[in-house]
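Trainee: Structure provided below as structure tokens; questions to follow.
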Amino acid sequence: MFDGPETATPDTTTTSTPAVLSAAEVVERVRAYLSTNSIPQAQLAREIDLSASAVSGVLKGSYAGDTDEVARKMLAWLDLRAGRGAGATVLPGRLPWIATPTTRAIRTALQYAHQLGDITVIFGGAGLGKTVTIRDYVANTPAVWVVTADPTTAGVGPLLEELALALGLRDAPLHPARLRREVIRRVDGTGGCLIIDEAQHLTKAALEAVRSIHDATRIGLVLSGNASVYDRLHGGSRPEDFAQIFSRVGRKLKLLAPKDGDVDPLAAFFGFTDAAALAFLREKAKLPGALRQIEKCMRFAAVLASGQQQPAALSHLQLAWRELNAAG
Ligand SMILES: Nc1ncnc2c1ncn2[C@@H]1O[C@H](COP(=O)(O)OP(=O)(O)OP(=O)(O)O)[C@@H](O)[C@H]1O
Ligand SMILES: [Mg+2]
């Protein structure tokens with residue numbers, strides 16, 4: 001027997017859950033929920049990390065394994081779903097890409113590299129909208145590919161593999177020189193643009209590899225990342241080592257703190273439009289983490305406000321901020 005979900009939910013298949021349920025009752029509720037919401041069993045199986053045959057067996061009552069254990073997972077899943085459903089009725093959805101002074105500048109820098117087949121570097125503080133703008137550009141523009149570097153893909157071979165994946169090259173050879181040739185064959189003549197996000201991770205050799213693909217094909221190349229991207233390209237105390245790529249950079253976009261004009265449209269999306277709330281958000285946006293921090297704060301504040309059935313206001317932001325930053 002299991003404790004029923006605690007989350008209040010508008011869904012009729014989970015609203016009247018008694019405090020304790022048998023495995024059979026849980027299964028009955030799951031069946032009803034799947035049917036009401038047109039969710040395939042395979043999706044349920046993925047979301048509770050079980051095989052499709054096990055889920056099917058439990059739902060049909062023919063499972064040979066530990067049905068109680070599976071029912072427990074299913075009940076937790078129903079609870080999670082119910083919470084999401086309840087949240088979805090009161091919360092603003094996913095933040096779309098919003099044109100702001102900073103994201104417009106980033107998009108212009110992407111277009112510059114793309115249209116002129118040049119190299120652009122975009123660098124600056126965390127949470128300013130680089131990645132969301134890159135994603136939006138890639139989603140809405142043909143022949144633009146993005147690779148997000150990290151410590152595991154910093155070197156030539158792994159980076160080229162990621163690039164091949166982004167280009168949709170199937171069965172690409174694993175040897176770096178052959179992989180490079182395949183990539184060049186694929187992008188040559190497309191007038192396209194390759195964007196490396198988090199480019200501060202790239203080794204010098206990997207930077208040279210993407211530079212040489214740009215040289216061979218004249219596709220645009222964007223290197224975007226934190227402030228150290230620029231330092232890396234400059235070569236620090238050994239600028240001569242990086243002179244080949246640095247001398248090819250056609251445009252640099254340095255991003256500093258967010259502007260008020262970046263904060264206000266995001267705030268409006270979450271329903272914060274009064275002067276006191278905006279002043280609070282503009283101030284907090286100057287701290288490290290910038291717009292990412294205030295987006296989390298606004299989302300949380302919107303939940304608090306809707307829980308109290310009040311319009312979103314400064315008091316909710318202040319409470320959310322305190323909760324998110326336990327140290328104050
Ligand atoms: N104009 C915008 N439209 C939509 N979301 C935005 C916008 N500006 C900022 N954001 C939000 O701000 C947060 C940070 O954006 P993003 O991840 O693009 O930052 P970043 O500049 O790539 O930071 P980092 O250097 O840490 O990777 C995201 O949560 C994003 O949703
Ligand atoms: Mg980013």
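Trainee: To the nearest 10 Å², what's Ser237's accessible area with a 1.4 Å probe?
Mentor: Taking all protein chains as shown, Ser237 has close to 110 Å².
Trainee: Continuing with this model, one more query. Helix-only estimate, please: 222 nm mean residue ellipticity of the chain, summing -39500 (n - 2.57) across DSSP H runs of length 4 or more and dividing by its residues, to the nearest 500.
Mentor: On the way: 15 runs with 178 residues, N = 328.
Value at 222 nm, helices only, nearest 500: -17000 deg cm²/dmol.
Trainee: A further question on this structure: Given a 1.4 Å probe, how much area per residue of the stretch 101-255 is accessible, in Å²?
Mentor: Solvent-accessible surface per residue comes out at 45 Å².
Trainee: Another question, if that's okay. Please state the charge dipole magnitude for the chain, taken about the Cα centre, from unit charges on C-beta atoms (+1 on K and R, -1 on D and E), reported in debye and rounded to the nearest 20.
Mentor: Dipole size: approximately 1060 debye.
Trainee: Further, regarding this structure: For Asp136, what is the net charge nearby, where nearby means another residue's Cβ is under 14 Å from its Cβ and Lys, Arg count +1, Asp, Glu -1?
Mentor: +4
Trainee: Based on the Cα gyration tensor of the chain, what are the three equivalent ellipsoid semi-axes, each the root of five times an eigenvalue, rounded to whole Å and given largest first?
Mentor: Numbers: eigenvalues 400, 183, 50 Å².
After diagonalising the Cα gyration tensor, the semi-axes are 45, 30, 16 Å.
Trainee: Based on DSSP H assignment, which helices of the chain show an axial Cα extent of at least 30 Å together with a mean Kyte-Doolittle hydropathy greater than or equal to -1.0?
Mentor: Helix filter hits for the chain: 67-90.
Trainee: How far, in nm, would the chain grow between Ala24 and Leu116 when pulled straight, counting 0.36 nm per residue and subtracting the alpha carbon separation?
Mentor: Stretched out fully, the Ala24 to Leu116 stretch lengthens by 26.7 nm.
Trainee: Can you list residues whose amide H is under 5 Å from Gly289's amide H, if they're 5+ apart or on another chain and H is modeled 1.01 Å from N?
Mentor: Amide H neighbours of Gly289, under 5 Å, 5+ apart: Ala126.
Trainee: To continue, here is another question. May I have the count of lysine pairs in the chain with C-alpha atoms under 15 Å apart, counting pairs 8 or more residues apart or located on different chains?
Mentor: 7
Trainee: Excluding ligands and nucleic acids, what accessible area in Å² is computed for Glu208 using a 1.4 Å probe, to the nearest 10?
Mentor: Surface open to solvent at Glu208 totals about 40 Å².
Trainee: Heavy-atom accessible area of Trp145 with all protein chains present, probe 1.4 Å, nearest 10 Å²?
Mentor: Surface accessible to solvent at Trp145 totals approximately 20 Å².
Trainee: Kirkwood hydrodynamic radius, computed over distinct alpha-carbon pairs, for the stretch 101-255: how many Å, to one decimal?
Mentor: 15.2 Å
Trainee: If each residue of separation counts as 0.36 nm, what is the full-extension length gain between Thr108 and Lys204 once their alpha-carbon separation is subtracted?
Mentor: 31.9 nm
Trainee: Right, here's the next one. What size of dipole, in debye to the nearest 20, comes out for the stretch 191-246 about its Cα centre when the only charges are +1 on Lys and Arg C-beta atoms and -1 on Asp and Glu C-beta atoms?
Mentor: The dipole of the stretch 191-246 has a size of about 80 debye.
Trainee: Can you send over the carbon and sulfur percentage of the accessible area for the stretch 260-324, probe radius 1.4 Å, protein chains only?
Mentor: Values: 1770 of 3230 Å².
Exposed carbon and sulfur together represent 55 percent of the surface.
The values are calculated or read from the model by the stated rules, or taken from the named source; none is laboratory data. Remember, it's a predicted structure, so these values are computed and weren't measured experimentally. Heads up, the Cβs are rebuilt from the backbone with ideal geometry, glycines too, and the neighbour counts pull from every protein chain shown. Note: areas computed on protein heavy atoms with side chains; ligands, DNA, RNA excluded. Shrake-Rupley method; radii C 1.70, N 1.55, O 1.52, S 1.80 Å.
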